[in-house]
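J.: Please find one structure pasted underneath; my questions will follow.
The values are calculated or read from the model by the stated rules, or taken from the named source; none is laboratory data. Bear in mind the structure is a predicted one, so any value in this text is a computation, not a measurement. Ideal geometry is used to build each Cβ from the backbone, glycine not excepted, and the neighbour counts take in all protein chains shown. Calculation scope for accessible area: heavy atoms of the full protein, side chains included, ligands and nucleic acids excluded. Shrake-Rupley method; radii C 1.70, N 1.55, O 1.52, S 1.80 Å.
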Amino acid sequence: MPDYSPEYISIGRLIENIRFAEGSSVTEIKSSAFDGIYRANIVIPATVEKIENSSVFSECEFNSVTVEDRNKVFFTVDGVLYERTEDGIALIYFPTKKTGEFTVPEYVTAIADVAFTYSTLGGGFIAETVAYVGVGFF
């Protein structure tokens with residue numbers, strides 16, 4: 001991300017944590033919901049059933065992503081966001097703060113568009129079970 005002059009700094013650069021209100025009934029997260037939010041931590045509520053597409057995360061950088069336990073569609077493992085789909089499990093978002101090497105788990109069948117945008121990985125391995133790798137993977 002480019003550095004901006006202090007007089008034009010985005011409010012998104014000041015946000016540290018995103019957590020939906022207790023009892024929130026949010027069921028869908030739209031494409032531009034998090035644009036301009038950098039280095040924050042987010043908790044996705046159990047009520048979210050749909051993330052419009054993986055580009056929701058293309059203009060933001062999250063240090064960590066957590067999904068509430070009762071969510072039936074999305075889950076995280078070590079901060080990596082996954083979605084249960086009709087075709088299997090898709091890796092949706094890889095947090096920017098994770099470093100080192102990463103091995104895509106064998107239960108993953110797809111890697112969503114821009115899932116690794118802004119990642120700082122030093123290397124990785126893709127399981128043979130992955131049948132689809134989205135646009136903007138590298």
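J.: For residue 72, give me every one of the lysines with a C-alpha distance below 20 angstrom, ignoring sequence neighbours fewer than eight places off in its own chain.
T.: 30, 50
J.: Okay, moving on. May I ask you to derive the relative contact order of the chain, considering only C-alpha pairs under 8 Å and at least 6 residues apart, and to give it as an integer percent?
T.: Working: 314 pairs, mean separation 22.6, N = 138.
After rounding, I find 16 percent.
J.: For segment 43-97, which trypsin sites (Lys or Arg not before Pro) are both in a DSSP coil and crowded by at most 15 other Cβ atoms within 10 Å? Write out the running numbers ahead of the final one.
T.: Details: sites: 50, 70, 72, 84, 97; in loops: 70, 72, 97.
Qualifying residues, ordered by number: 70, 72, 97.
J.: Mind checking which aspartates and glutamates have their Cα closer than 16 Å to the Cα of residue 97? Skip sequence neighbours fewer than 8 apart in that chain.
T.: 16, 59, 61, 78
J.: Leaving out ligands and nucleic acids, and using a 1.4 Å probe, what accessible area per residue does the chain come to in Å²? Before the final figure, lay out the partial values.
T.: Numbers: 7970 Å² over 138 residues.
Result: 58 Å² per residue.
J.: Which percent, nearest 5, of DSSP beta bridges in segment 45-126 are antiparallel? Could you put the intermediate results ahead of the total?
T.: Numbers: 9 of 17 bridges.
Restricted to segment 45-126, the bridges split so that about 55 percent are antiparallel.
J.: Here's another thing I want to ask about it. When the scattering of the chain is computed by the Debye formula from its Cα atoms alone, each counted once and equally, what is log10 I(q)/I(0) at q = 0.13, 0.21 Å⁻¹?
T.: Summing over Cα pairs of the chain leads to -0.55, -1.38.
J.: So for segment 32-94, Kirkwood radius off the Cα pairs, Stokes-Einstein at 25 °C and 0.890 mPa s: how many µm² s⁻¹? The partial results should precede the final answer.
T.: Numbers: Rh = 11.9 Å.
Translational diffusion coefficient: 206 µm²/s.
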